[in-house]
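Below: the structure, in structure tokens.
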Amino acid sequence: MKFLLKAHELLEGDVDKYTASKEPTEEELRAMDMYSKSIQGHADVSAAEINNEKHVGLGLFQGDIMLTREQADEILEDMEVNMGRRKKRQAYRDNKYPATLWSNGINYAFWNASNAARRVFVKATEIWRDNTCLEFREDSSARDKVWVTDGAGC
């Protein structure tokens with residue numbers, strides 16, 4: 001939690017330095033809007049509004065990512081070192097790069113996720129796959145994976 005408070009403090013008022021410069025297309029905006037409204041039981045409420053209502057906004061990095069202590073420490077150190085120099089968000093490269101690349105695709109697994117959450121996530125992976133070079137694969141036994149969970153927020 002200390003990391004997230006510090007990260008929010010560092011970014012406050014300086015968000016443009018850490019966001020992509022490319023403006024989303026109309027199609028991307030519609031897709032993001034449809035996804036944010038597809039949350040079961042909250043069809044007219046955005047993910048950000050749900051996170052705010054459930055008081056989990058500060059507990060998530062970039063609004064939807066739960067970090068390990070090591071990830072939080074590395075990102076915070078990078079932010080502090082680069083404060084004032086970085087103009088736009090870059091892919092994160094640590095001292096283990098390129099070993100940290102997901103060269104065989106992105107593995108994911110569900111933990112405590114409802115059927116509706118699973119369907120939404122799988123649909124999102126299909127959209128990402130169709131519009132990027134990313135490949136997704138459900139594999140709960142993979143060493144490195146993204147955990148998809150049901151929580152208080154989105």
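No lab work stands behind these numbers, since they all come straight from the coordinates. Quantities reported herein were computed from a predicted structural model and do not represent experimental measurements. Here Cβ is always computed from backbone atoms with ideal geometry, including for glycine, and neighbour counts include all displayed protein chains.
Rounded, prolate or oblate: which fits segment 102-154 when a ≥ b ≥ c are the square roots of the eigenvalues of the alpha-carbon gyration tensor, with rounded for a/c under 1.5 and prolate only if a/b beats b/c? It comes out oblate by the Cα gyration axes.
Net charge in the neighbourhood of T125 (other residues with Cβ under 12 Å of its Cβ; Lys, Arg +1, Asp, Glu -1) is +1. Each Lys or Arg adds one and each Asp or Glu takes one away; over the other residues whose Cβ falls under 13 Å from the Cβ of N104, this sums to 0.
In this rough spin-label picture, where each label sits 7 Å from Cα along the Cβ direction, the E49-A109 distance is 3.5 nm. One decimal place: the segment I127-E70 gains 17.5 nm when fully extended, by the rule 0.36 nm per residue minus the C-alpha distance. Cβ-to-Cβ counts within 10 Å put D64, D130 in ascending order as D130, D64, the fewest first.
Taking the Cα centre as origin and putting +1 on Lys and Arg beta-carbons and -1 on Asp and Glu beta-carbons, what dipole magnitude results for segment 109-150, to the nearest 20 debye?
Details: 7 positive and 7 negative charges, 15 e Å.
Charge dipole of segment 109-150: 80 debye, to the nearest 20.
Residues of segment 115-149 with an amide N closer than 14 Å to a point placed 7 Å from the Cα of T25 along the Cα-to-Cβ direction: 128, 130-133.
Backbone amide hydrogens, once placed in the peptide plane, bring F136 within less than 5 Å of I106, excluding anything fewer than 5 places away on its chain. In percent, rounded to a whole number, the relative contact order of segment 102-154 is 59, using alpha-carbon pairs under 8 Å and six or more apart.
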